[in-house]
Amino acid sequence: MNSPMEDRLRQALTEAGATVDTNTIRPLHGGQRSRFRVDLRLVAVAAVVVLVGVAGVVGMGGPGDVNHAVAVNPEPDRQMGKGEMAVFLCSKAVPKERLCQGRDVTAAETKAVDALVRQLPEVEAVVFVDQVRAYESFRRDFVHNKALMDSVGAVDLPASFRLTIKEGADPKQVSLALRGVPGIQNVVDLPSDMAADRVETTRSVVRAFLCGKGAAQVSCGAEQVLDGEGNLKGVKKEGKAVTNAEKNALRQLIESRPDVESFTFVDQAAAYEDFQKSLKSESPLKTAVKVTDMPESFVLTMKPEVDRNMTIDKLRRQSGVATVVDGACAADTSLLIARYGLILPESKVCSGRE
């Protein structure tokens, strides 16, 4: 059974012309591979877009004690044109990908996609990135994450075409033209603000989302109904909203932590304002999401070169906390999705950062 918010979001996504699988507006679990198409920003409507530098973060609960965060890239009022898109090709490394069915792209399909993207009127330039070149770039981007580098090889990275979109052209038309083309795994509207300094700003942040009224997270006391594959079908019993006493206890915990440099509290109104700023002015999502849909949160700036894991673990066990998002993990996840077309479990992405 869908919630009223889910119904509003589905309608807004349809009006926006999104090709994102709207099942992504449901809570995820760590082992689920979500569908990302056209614009990572649209996935954020599952609960909230959190502006933490380069990456927005969706605070979403999952089955059991797992809380998963999907990194997306909110972008305020981006002008059409001169953007970049990535067309990721089929790879055996993504066995559950419906369009590819667990196979690599063929040489004939690669040639056909090359010819197609070059003739699209919205496309100004095309660059092909093979697996070897993608892997060289991957090693540079994730030199700080030894566990991730050790778990991903060149054969795990899909080849891709990187497209430069002409000034004034609509990237959505490119996505529509490439929908269902054999050999294409995914099409992603690449973030335009992944500068190194903003990535580092994101890495320093930890965000604790608080339980809201009617929370679906198990950590808030909800009872979830799952299908045979562990995907959320509905909520049998809603969770409880955080109390003032729980907020005060959480604040005291944060103040006591030696690895926290500073922190702020973000109420629903402030979260809603940030969400609205992250959308284009004409986006249907501006009216689909209400102030009351937004969770409150504590945003922590962590001291550099400290082990934050103990603080994150304590936050996750605190009563009234729905989920905790590590900005360093979110930054790596966002880079991995946008630049390399991979969606991996948090255990692989976030366990080996230095």
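The values are calculated or read from the model by the stated rules, or taken from the named source; none is laboratory data. Just so you know, these numbers come straight off a predicted model, no measurement behind them. Positions of Cβ are generated from backbone atoms using ideal geometry, with glycine treated the same way; all protein chains shown enter the neighbour counts. What goes into the accessible areas is simple: the full protein's heavy atoms, side chains included, and nothing from ligands, DNA or RNA. Shrake-Rupley method; radii C 1.70, N 1.55, O 1.52, S 1.80 Å.
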Exercise for the section: List every residue pair whose Cβ atoms sit under 9 Å apart, with the two residues 6 or more apart in sequence or on different chains, where the first one lies in the stretch 270-299 and is among the hydroxyl-bearing types (Ser, Thr, Tyr) and the second, anywhere, is open to solvent by less than 10 Å² (accessible area, probe 1.4 Å) and part of a helix (DSSP H, G or I). Expected result: Ser278/Ala44; Ser283/Ala12; Thr287/Ala12; Ser297/Ala271
Practice task
Would you confirm whether any residue within the stretch 288-307 is within 12 Å of Ala208 (Cα to Cα) and of a type in the set (Val, Ile, Thr)?
Solution key: yes
Practice task
Determine, yes or no, whether Val127 is within 20 Å of Ala338 (Cα to Cα), in a helix (DSSP H, G or I) and within 28 Å of the chain's Cα centre (by Cα).
Solution key: no
Problem - Condition check for Leu336: modelled with pLDDT under 90, outside any helix (DSSP H, G or I) and open to solvent by less than 20 Å² (accessible area, probe 1.4 Å) - result: no
Exercise for the section: Those residues that are farther than 22 Å from Gly221 by Cα and open to solvent by 20 Å² or more (accessible area, probe 1.4 Å), I need them from the stretch 300-333; list them, please. Expected result: Thr301, Lys303, Pro304, Glu305, Val306, Asp307, Arg308, Asn309, Met310, Thr333
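Of all residues in the stretch 310-354, which are of a type in the set (Lys, Arg) and closer than 30 Å to Lys240 by Cβ? I'd like the intermediate steps shown before the answer.
Residues of the stretch 310-354 that are of a type in the set (Lys, Arg), as a first pass: 314, 316-317, 339, 348, 353.
Answer for the stretch 310-354, where residues must be of a type in the set (Lys, Arg) and closer than 30 Å to Lys240 by Cβ: Lys314, Arg316, Arg317.
Being open to solvent by 20 Å² or more (accessible area, probe 1.4 Å) and more than 24 Å from Gln318 (Cβ to Cβ) is the filter here; which residues of the stretch 284-298 pass it? Break it down into steps so the answer makes sense when it comes.
Going through the stretch 284-298, the residues open to solvent by 20 Å² or more (accessible area, probe 1.4 Å) turn out to be 284, 286-287, 290-293, 295-296.
Within the stretch 284-298, Pro284, Lys286, Thr287, Lys290, Val291 qualify.
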Problem - Breaking point among (1) open to solvent by 50 Å² or more (accessible area, probe 1.4 Å); (2) within 19 Å of Leu344 (Cβ to Cβ), for Gln119 - result: (2)
Completion exercise
Looking across the stretch 250-278 at residues that are more than 16 Å from Ile312 (Cα to Cα) and touching a Ser or Thr at 6+ places or on another chain (Cβ under 8 Å), the single one that is surrounded by the fewest Cβ atoms within 10 Å (Cβ to Cβ) is Phe265
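Among the candidates Pro158, Pro121, single out the residue that is at pLDDT 95 or above and part of a loop (DSSP other than H, G, I, E, B).
Exactly one of Pro158, Pro121 is at pLDDT 95 or above and part of a loop (DSSP other than H, G, I, E, B), namely Pro121.
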Completion exercise
Considering the stretch 340-352, residues that are open to solvent by 20 Å² or more (accessible area, probe 1.4 Å) and out of contact with any helix residue (DSSP H, G or I) (no Cβ under 7 Å at 6 or more places or on another chain), and then whichever is nearest to Arg133 (Cα to Cα), we arrive at Pro345
Completion exercise
Okay, helices (runs of 4 or more DSSP H) sitting entirely in the stretch 225-330 with 3 or more residues that are modelled with pLDDT of 85 or more, I get 244-256, 268-277, 309-317
Exercise for the section: Might you let me know whether the stretch 77-97 holds any residue that is part of a loop (DSSP other than H, G, I, E, B), open to solvent by 10 Å² or more (accessible area, probe 1.4 Å) and either at pLDDT 95 or above or closer than 30 Å to Asp267 by Cβ (or both)? Expected result: yes
Handout entry: One residue from Ala177, Ala147, Ala159 being hydrophobic (A, V, I, L, M, F, W, C), closer than 17 Å to Val129 by Cβ and either open to solvent by less than 30 Å² (accessible area, probe 1.4 Å) or in contact (Cβ under 8 Å) with a residue 60 or more places away in the chain (or both)
Key = Ala159
Fill in the blank from the handout: By residue number, the members of the stretch 226-249 that are free of Cβ contacts under 8 Å to residues at least 12 places away in the same chain and open to solvent by less than 60 Å² (accessible area, probe 1.4 Å) are Asp227
Exercise for the section: Consider Ala107 carefully, then state whether it is over 17 Å from Lys166 (Cα atoms) and modelled with pLDDT of 90 or more. Expected result: yes
